[in-house]
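Bear in mind that the values in this text are calculations on the coordinates, not laboratory data. The structure displayed is predicted, hence computed values, not measured ones. So basically every Cβ, Gly included, is an ideal-geometry build from the backbone, and we count neighbours across all protein chains shown.
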Amino acid sequence: MNKKTLRFTIAYIFLLIGIIAFFVLNVCIGSVDISLKQIFDSITGKEIDGTINTILWEIRLPRTVAVLILGGALSLSGYLLQTFFHNPIAGPFVLGISSGAKMCVALTMVFLMSNSLKSNSFTLIAAAFAGAMISMGFVLFASKKINSMAMLIVCGVMIGYICSAITELVVTFASDADIVNLHNWSRGSFSGENWANVRVMALVVIVSFIAVFLLSKQLDAYNLGDSHALSMGVNVKALRVFIVLLSSLLSACIVAFAGPISFVGVAAPHLIRKLFNTDKPIVMIPACFLGGSFFCLICDLIARNILSPTELNISTVTAIFGAPVVILILFDRKKRGRA
């Protein structure tokens, strides 16, 4: 085993151990603590307190599994956008893609509520995907007119502000009974997840992950430039379309179930690059997914417990940890003389 393979193996083991440890902590720690023995007894069918059993199977486990899935999806979406724009600052939240998805989901939810109709998971994902594609369209249009990535980021932020303003306006038209839930969702939260939602998000994310992984070789060539990719027989235009569609679908799934979550899509892939010291897609794709899951498990544990019984919005915590990473990226690029 050479040094590079050994480094990758150690890094993967570190991520897996971290995920397992914080998965268990997320299930055990909360307003009501649950011991490992109680978890084991419940899994093996032994009789335990009914309240504990309900908290474990209907609240903690579906939420933690959702954090695992959506955190990984968010990081993978960020990695795809960074690959697309050849820039480590690109991400679904920074470029306003999450805000566009949030806007369309809010419009859909308020419309359905006002007409006494119920929304389902696939409806919300479709709405979020449409919003993500609208925002992505504006970003792509701006990228053709603007050569500076810094200015493109500013455009993305402005798109995000516009979409967020429309969302806030829409939410004010919701009924009093629904406005609290809509408001909490619009700020990002993993609360209220259930097994039905977990099944849908798992299906969408697993299919998307497989599709992204199958593009590993093409993405590797694309990282070396369009001319190199073309010489390797890669259809660059088709690849770009797939990157846009898959990153938007992953962002849509996240927003539909948890609302917009800030900075994970930028910070997690950057930290993973530093940990693995590579940009090879065949390594980065699974590593980014695991890294995003690890990052979000830590942040959700803090969000639920640091001010218990009050729960912080997940974006508040991810911003505290993720924003400094973005600042460090900007400083690093400044030192290298890049725009």
Between the residues H183, V157, S143, the Cα farthest towards the positive end of the dipole of region 57-191, that dipole coming from +1 and -1 charges on the beta-carbon of Lys, Arg, Asp and Glu, is from S143
Measuring from its Cα centre, region 3-335 shows a charge dipole (+1 at each Lys and Arg Cβ, -1 at each Asp and Glu Cβ) which, in debye to the nearest 20, is 1260
Any lysines whose Cα falls less than 19 Å from that of K102, other than same-chain ones fewer than 8 residues away, would be K118
With bins of 10 Å, the percent of all Cα-Cα pairs of the chain per bin from 0 is 6, 25, 34, 23, 10, 2, 0
Once both label points are put 7 Å beyond Cα along the C-beta direction, the I17-E47 separation in nm becomes 4.1
The extension gain from S148 to V236, computed as 0.36 nm times the residue separation minus the Cα-Cα distance, is 29.5 nm
Using alpha carbon positions and the Kirkwood radius, the Rg to Rh ratio of region 49-203 is 1.02
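Which of the peptides 122-129, 316-323 is most tightly packed, and how do the rest follow, going by the mean number of other Cβ atoms within 10 Å of each residue?
122-129, 316-323
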Connecting every pair of Cα atoms under 10 Å apart in the chain and solving the GNM, the largest mean-square fluctuation among V27, V65, V154 falls on V154
For the table K3/K280; K3/K274; K144/K280, the rows whose alpha-carbon distance is greater than 19 Å are K144/K280
Going residue by residue through region 71-82, the Karplus relation 6.51 cos²θ - 1.76 cosθ + 1.60 with θ = phi - 60° gives ³J(HN,Hα) values, rounded to whole Hz and with x marking Gly or Pro, of x, x, 5, 5, 5, 5, 4, x, 4, 5, 5, 5
Simple SL model, points at 7 angstrom along Cα→Cβ for L117 and I10; separation in nm is 5.6
Listed by chain and number, the lysines with an alpha carbon less than 24 angstrom from that of K46, same-chain partners under 8 positions apart left out, are K37
What helix-only [θ] at 222 nm does the chain give? Using -39500 (n - 2.57) per DSSP H run of at least 4, over all residues, to the nearest 500, the answer is -25500 deg cm²/dmol
Compactness summary of region 216-339: radius of gyration and Dmax from Cα atoms, Å, are 17.1, 58
